[in-house]
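Engineer: Below is a structure I'd like to ask you about.
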Amino acid sequence: MEKIFKKSIAELSKVIVTSTSYKPSAHGVSQEIYWAAKEKNKNVILDLDGELDIANKHADSELIITVGGDGTLLSTARRLVGAEIPTIGVNMGKLGFLAEHSPQDVPEYIQGKR
């Protein structure tokens with residue numbers, strides 16, 4: 001299986017973990033990812049409600065990890081208009097056409113196993 005992202009989390013200077021207030025079941029996974037990333041990278045931002053102005057105030061971010069489902073990923077994409085930040089979608093929904101990674105994939109990536 002190929003790497004989720006070309007750089008390891010330790011090589012990145014700023015990472016955002018985002019979710020949505022519409023899917024509180026994703027908040028626990030978001031927090032787990034946040035703390036795992038925080039151990040590897042000192043500049044990690046947690047946005048549980050999906051309200052952070054990522055296109056303007058955080059356009060210098062190098063990766064966004066979106067936890068929810070396809071709707072959460074689409075919402076994040078709308079907030080990213082004008083910014084070029086790679087985004088990983090973690091599927092906590094039912095279908096996962098766009099949010100292709102499982103909750104287990106991202107911690108493995110953060111630990112350098114993927």
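Engineer: Report, by residue number, each residue of region 49-74 that is out of contact with any strand residue (DSSP E or B) (no Cβ under 7 Å at 6 or more places or on another chain) and crowded, with 19+ Cβ neighbours inside 10 Å.
Structural biologist: 68
Engineer: Taking region 57-74 only, how many residues are outside any helix (DSSP H, G or I) and either in contact with a Phe, Trp or Tyr (Cβ under 9 Å, 6 or more places away or on another chain) or in contact (Cβ under 8 Å) with a residue 24 or more places away in the chain (or both)?
Structural biologist: Residues flagged as outside any helix (DSSP H, G or I) and either in contact with a Phe, Trp or Tyr (Cβ under 9 Å, 6 or more places away or on another chain) or in contact (Cβ under 8 Å) with a residue 24 or more places away in the chain (or both) within region 57-74 amount to 12.
Engineer: Ok, one more. Answer with yes or no whether residue 77 is open to solvent by 10 Å² or more (accessible area, probe 1.4 Å) and assigned to a loop (DSSP other than H, G, I, E, B).
Structural biologist: Judged against the criteria, residue 77 is not a match.
Engineer: Exactly one of these conditions fails for residue 41: (1) at pLDDT below 90; (2) touching a helix residue (DSSP H, G or I) at 6+ places or on another chain (Cβ under 7 Å); (3) open to solvent by 20 Å² or more (accessible area, probe 1.4 Å). Give me its number.
Structural biologist: (3)
Engineer: From the list 43, 91, which residue is in contact with a Lys or Arg (Cβ under 6 Å, 6 or more places away or on another chain) and polar (S, T, N, Q)?
Structural biologist: Criteria check complete, one pass: 43.
Engineer: Would you be able to tell me the number of residues in region 34-56 that are in contact with a Ser or Thr (Cβ under 6 Å, 6 or more places away or on another chain) and not in a loop (DSSP other than H, G, I, E, B)?
Structural biologist: 1
The values are calculated or read from the model by the stated rules, or taken from the named source; none is laboratory data. Since the model is a prediction, treat every value here as computed from it, not as a measurement. As a convention, Cβ positions derive from the backbone with ideal geometry for all residues, glycine included, and neighbour counts pool all protein chains shown. When the accessible area is computed, the model is the full protein with side chains, heavy atoms only, and any ligands, DNA or RNA have been set aside. Shrake-Rupley method; radii C 1.70, N 1.55, O 1.52, S 1.80 Å.
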